[in-house]
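Shown next, in structure tokens, is the structure this report addresses.
The values are calculated or read from the model by the stated rules, or taken from the named source; none is laboratory data. Since the structure is predicted, the reported quantities are computational estimates derived from the model, not experimental observations. FYI the Cβ positions are ideal-geometry reconstructions off the backbone, even for glycines, and counts take in every protein chain you see.
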Amino acid sequence: MRQITVISGKGGTGKTSIIAALSSLADTAVLADCDVDAADLHIILNPDVQRAEEFSGGRVAVIRKSQCTQCGACRELCRFDAIGGSLAIDPIACEGCGVCAAFCPEKAITMMPKLSGHWFVSETRNGPMVHARLGIAEDNSGKLVSQVRNEAKQLAEARGLDFVIVDGPPGIGCPVIAAIAGVDLVLVVTEPTLSGLHDLERVLATAGHFNIPAAVCVNKFDINPRNTTAIEDLCSRQSVPVVARIPYDRSVVAALLQKQTVLEHEACAAVADEIRQMWGRISALTAGKGSVA
Ligand code: SF4
Ligand code: SF4
């Protein structure tokens, strides 16, 4: 089983459209939507949820009033101002550090698991998908990303499927590292803008730091040929293959509005053709079958 994570460094590069299209091509794959802070793959693929589970990403302090003498020590110690004047704990402000519980003289505070979100196993028209929703103001997305990836991997193994395709989160922080750790290939979707080039450098450095093979897809390559050349030069210097140059096409937005992948929308033929070729190159790369064009 091969794991491929698609990342972009930032939003707006067309990553989700490309992953949705890959799901049409990879008929023996599990999709893992690890962009848990802003999941949007479900908008195109309209998953039918088969299983929903709670996700506990941290802890929250709870005071047992029967034991509390209202000495106020916990409120003074809390660096996050999570304990109010009436000794009520604000579950959003509480960071779960446990200091109040450790120093309460009456042992009246317990640290309880905190419901931080949900994860789901669903069926889509393009195969099974594991996805998640993080609660408002929750920030344990790295842990939730790992949960989604583990579930997707187990599902692929249980069904004998060949690929796990991971929709990675933006940035280069903990959630991204959780999304790329141990995968066979990181596919970076970029666009020919200066910010795209800058983000590409950062995500390639992150993948390189963890010794994970990378490949690059330049989306809308024809909107700025000079920046596309700069991207290709960067990739060449770092021996990173460019596996697709996808042309700009207004009908990609039309496909999105109709909740179709670009392979399902008849007006996106040129884009679809390039993505088909990219899938062949990715498959060859992850199978260790040699070079790409
Ligand atoms: S430190 Fe313990 S006893 Fe004191 S106010 Fe807080 S919960 Fe109550
Ligand atoms: S666990 Fe930490 S953040 Fe939460 S109320 Fe106690 S001291 Fe404050």
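Go through the residues of segment 51-59 one by one and say whether even a single one is within 13 Å of ligand 2 (Cβ to nearest atom) and either closer than 25 Å to I177 by Cα or modelled with pLDDT of 95 or more (or both).
Filtering segment 51-59 for residues within 13 Å of ligand 2 (Cβ to nearest atom) gives 58-59.
Checking which are either closer than 25 Å to I177 by Cα or modelled with pLDDT of 95 or more (or both) leaves us with 58-59.
For segment 51-59, residues within 13 Å of ligand 2 (Cβ to nearest atom) and either closer than 25 Å to I177 by Cα or modelled with pLDDT of 95 or more (or both): present.
Of everything in segment 54-78, what is more than 15 Å from ligand 1 (Cβ to nearest atom) and loosely packed, with under 12 Cβ neighbours inside 10 Å? Give them in sequence order.
E54
I'd like the full set of residues that are buried (at least 16 other Cβ atoms within 10 Å of the Cβ) and within 15 Å of the chain's Cα centre (by Cα), limited to segment 178-197.
A178, A179, I180, V183, L185, V186, L187, V188, V189
Right, T190: touching a Gly at 6+ places or on another chain (Cβ under 8 Å), among the polar types (S, T, N, Q) and under 26 Å from A132 (Cα atoms) or not?
yes
Condition test on F80, is it away from ligand 2 (no atom under 16 Å from the Cβ) and either within 19 Å of C94 (Cα to Cα) or part of a helix (DSSP H, G or I) (or both)? Step through it out loud before you land on a result.
Numbers: away from ligand 2 (no atom under 16 Å from the Cβ): no; either within 19 Å of C94 (Cα to Cα) or part of a helix (DSSP H, G or I) (or both): yes.
No.
Consider only pairs whose beta carbons are under 6 Å apart and that are at least six residues apart or on different chains; among these, list those whose first residue lies in segment 244-272 and is in contact (Cβ under 8 Å) with a residue 24 or more places away in the chain and whose second residue is aromatic (F, W, Y).
Taking only residues 6 or more apart or on different chains, the pairs are R245/F221.
Can you list the helices (runs of 4 or more DSSP H) lying wholly within segment 198-293 that have 2 or more residues being more than 23 Å from the chain's Cα centre (by Cα) and farther than 20 Å from S24 by Cα?
Here the list reads 225-237.
Look through segment 86-106, keep the residues that are over 12 Å from E76 (Cβ atoms) and part of a helix (DSSP H, G or I), and return whichever of them is farthest from ligand 2 (Cβ to nearest atom).
Once the filter is applied, the top-ranked residue is A102.
Could you check, for segment 238-246, whether at least one of its residues is more than 20 Å from I275 (Cβ to Cβ) and surrounded by fewer than 22 Cβ atoms within 10 Å (Cβ to Cβ)? Can you show your working first?
In the first step, residues of segment 238-246 are kept if they are more than 20 Å from I275 (Cβ to Cβ); the result is 238-239.
In the following step, the residues that additionally are surrounded by fewer than 22 Cβ atoms within 10 Å (Cβ to Cβ) were identified as 238-239.
Taking every residue of segment 238-246 in turn, at least one turns out to be more than 20 Å from I275 (Cβ to Cβ) and surrounded by fewer than 22 Cβ atoms within 10 Å (Cβ to Cβ).
Out of curiosity, is A132 part of a helix (DSSP H, G or I), surrounded by 22 or more Cβ atoms within 10 Å (Cβ to Cβ) and touching a residue at least 60 places away in the same chain (Cβ under 8 Å)?
No: the conditions fail for A132.
Based on this model, can you work out whether A32 counts as assigned by TED's automatic domain parsing to the domain that holds E157, within 23 Å of the chain's Cα centre (by Cα), more than 10 Å from ligand 2 (Cβ to nearest atom) and assigned to a strand (DSSP E or B)?
Considered against the rule, which asks whether it is assigned by TED's automatic domain parsing to the domain that holds E157, within 23 Å of the chain's Cα centre (by Cα), more than 10 Å from ligand 2 (Cβ to nearest atom) and assigned to a strand (DSSP E or B), A32 comes out as yes.
Scan segment 107-138 residue by residue and report those that are among the small types (G, A, S) and over 30 Å from R79 (Cα atoms).
Step one: of segment 107-138, the residues among the small types (G, A, S) are 108, 116-117, 122, 127, 132, 135, 137.
Answer for segment 107-138, where residues must be among the small types (G, A, S) and over 30 Å from R79 (Cα atoms): S122, G127, A132.
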